[in-house]
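Laboratory data are not the source of any read-out in this text; all were calculated from the coordinates shown. Every value quoted in this text rests on a predicted model; they were computed, and no experiment measured them. All Cβ positions, glycine included, derive from the backbone under ideal geometry; neighbour counts span all protein chains shown.
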Amino acid sequence: MTERFTGSFTQQEPIPDDAIAAALDVLRHGRLHRYNLAEGEAGETALLEQDFAALTGARYCLAVASGGYAMATALRAVGVKPGDRVLSNAFTLAPVPGAIASVGAIPEFVGVTEGLTIDLDDLEAKLNRSQVLLLSHMRGHICDMDRLMAMCDAAGVTVIEDCAHTMGAAWRDVPSGRHGAIGCYSCQTYKHVNSGEGGLLVSDDEELAARAVMLSGSYMLYGRHKAAPSLEVFERVKYQTPNISGRMDDLRAAILRPQLRDLDTQVARWNDRYRVLEQGLRDTPGLSVIDRPEAESYVGSSIQFLLLDWQDKALCDVIERCSARGVELKWFGAPEPVAFTSRYDSWRYAPSQPMPATDRVLAGIVDMRIPLTFSLEECALIARIIRSEVMRAHNAA
Ligand SMILES: *Cc1c(COP(=O)(O)O)cnc(C)c1O
């Protein structure tokens, strides 16, 4: 009998009841705008910022409209100007080079290793080309942050972290997003907390944080923030910083706060599923699982494996045959962008040189989402399906 999987790869869990109740409270009083506050009221957005600052151990936090907006705001706050070059990962998703392009800057792509992290040797060679690195912890893989920060600090390169896939993750117990000058997170439906759209930004730097608040569209109401720098800092930046509205609203913040309280539990549930899948795929001929470094605490909300040096035809067969059995895999080697998946050389607004070592890795990356709606048994089934199709194709080759 050929086993099939019938679940949905895009179905998330429902919003928890306490988050629905909090959202209804906001809807009933009608004050959705973050600065529309009743006497003595803090507002859900300001409280969310306070909660997230405490969770990550950051001095300052700002909630915004999306993860992409958080990254663009961070780039503006550190002073990136049109025409500047910004170092970033060749292996990432379109909002990352998009954030760089949105401020008129030019991405300078850095390669990817077989561990799916940024290639630190390639980065070292390119550090003199830019003052800023927008580091994407793509699919939750965290590079050697000790080496990266030592290198960037020595070269005077400011690091902004894209933590869209690492909210709740850490490197040597330091939360992801807390190594660089600014950490950016997404609260979009497919990430680790779900408000449909939304983003968060954290920093310990008072001037960067104050600029980010002004940029997000605080007008002169920044005093209503609870995880922002003191008013004197705003005095220094308020006439210099444009308002580029991209605020979070209190409805989304109300939905997010209970989810943040559950984050650790959700991370453990993701990792249970990840480990079942990883175990089921390990030791499959022709397939490499990605070994996770000891220092990395990851969130297994997706899984990647490598079919390295496979012929495109054989690899496409695996994807198609898995899909016919209900298992949706994404391939980063596809020549044309599909759905959320695209390659550095498909972002034609950002000119790039060919990167052969990176192309070899990208051509072998197979990627799969792990929604929490999957049971552990379903994860074991999915692994059996992938394993059998990979072995079938491998034996035929
Ligand atoms: C989703 C995502 C973002 C940004 O998220 P949005 O909230 O959709 O703007 C940034 N980086 C990566 C790698 C992502 O997957």
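Take the chain and mark each of the chymotrypsin sites (Phe, Trp or Tyr not before Pro) that is in a DSSP loop with at most 16 other Cβ atoms within 10 Å; the longest unmarked stretch, sites excluded, is 1-189.
Taking θ as phi - 60° and the Karplus parameters 6.51, -1.76 and 1.60, the scalar couplings of the range 235-248 work out to 4, 6, 10, 5, 8, 9, 10, x, 8, 10, 3, x, 6, 7 Hz in sequence order, x denoting glycine and proline.
Would you order 187, 316 from fewest to most other beta-carbon atoms within 10 Å of each residue's own beta-carbon?
316, 187
Give me 17, 146 ranked fewest to most by other Cβ atoms within 10 Å of their Cβ, as a rough exposure proxy. Walk me through the numbers on the way to the answer.
Working: 17 9, 146 13.
Neighbour counts put them in this order, fewest first: 17, 146.
Going by alpha carbons, how many degrees (0 to 90, nearest 10) lie between the helix axis of 145-155 and the longest principal axis of the chain? Roughly 60 degrees between the two axes. Distances between placed amide hydrogens fall under 5 Å for residue 171 paired with 176, 297, all partners being 5 or more residues away or on another chain. For the range 127-166, the pair-distance distribution built from all alpha carbon pairs, in bins 5 Å wide starting at 0, is 6, 24, 30, 23, 14, 3 percent. Considering only 305, 288, 267, and ranking their Cα positions along the charge dipole of the range 228-336 that arises from unit charges at the beta-carbon of Lys, Arg, Asp and Glu, the one farthest toward the positive end is 267. Of the GluC sites (Glu not before Pro) found in the range 210-310, those in coil by DSSP whose Cβ has at most 11 other Cβ atoms within 10 Å are 294. Once you've got the Cα coordinates, tell me which of 81/126; 191/330; 126/191 are over 24 Å apart. Violating the 24 Å Cα-Cα cut-off are 126/191.
For the chain, the longest principal axis of the Cα atoms and the long axis of helix 206-217 meet at an angle of about 90 degrees. When 113, 56, 373 are sorted by how many other C-beta atoms sit within 10 angstrom of their C-beta, beginning with the fewest, the order is 373, 113, 56.
Using only side-chain charges placed at the Cβ, +1 for Lys and Arg and -1 for Asp and Glu, the dipole size of the range 263-396 relative to its Cα centre rounds to 220 debye.
Think of the chain as having a plus end and a minus end, set by charges on the Cβ of Lys, Arg, Asp and Glu; of 149, 111, 188, 188 sits farthest toward the positive end of this dipole. Look at where the Cα atoms of the range 24-69 and of the range 188-257 average out, and the two centres are 9 Å apart.
Once backbone amide H atoms are built at 1.01 Å from N, residue 86 has 106, 108 as its partners under 5 Å, excluding neighbours fewer than 5 places away on the same chain.
Placing unit charges on the Cβ atoms only, positive for Lys and Arg and negative for Asp and Glu, gives the chain a dipole magnitude near 680 debye about its Cα centre. When the charge dipole of the range 1-55 is built from unit charges on Cβ atoms (+1 for Lys and Arg, -1 for Asp and Glu) and taken about the Cα centre, the candidate among 36, 8, 53 whose Cα reaches farthest toward its positive end is 8.
Sorting the Cα pairs of the range 17-261 by distance into bins of 5 Å, from 0 upward, gives 1, 7, 15, 19, 20, 16, 11, 6, 3, 1, 0, 0 percent per bin. Coupling constants for the range 114-128 follow from the phi torsions by the Karplus curve (6.51 cos²θ - 1.76 cosθ + 1.60, θ = phi - 60°), and in residue order they are 5, x, 6, 10, 4, 7, 5, 5, 5, 4, 4, 5, 9, 4, 6 Hz; glycine and proline get x. Separation of the range 84-114 and the range 275-303, taken as the distance between their Cα centroids, equals 26 angstrom. Its Kirkwood hydrodynamic radius, worked out from the mean inverse distance over all distinct Cα pairs, puts the range 263-396 at 15.8 Å.
Considering only DSSP beta bridges where both residues belong to the chain, give the percentage that are antiparallel (nearest 5). Please report the intermediate quantities before stating the final value.
On the way: 26 of 41 bridges.
Looking only at bridges with both residues in the chain, the antiparallel portion is about 65 percent.
Couplings for the range 20-31, taken from phi via the Karplus curve 6.51 cos²θ - 1.76 cosθ + 1.60 with θ = phi - 60°, read 5, 4, 5, 5, 5, 4, 5, 4, 5, 8, x, 8 Hz in order; Gly and Pro are left as x.
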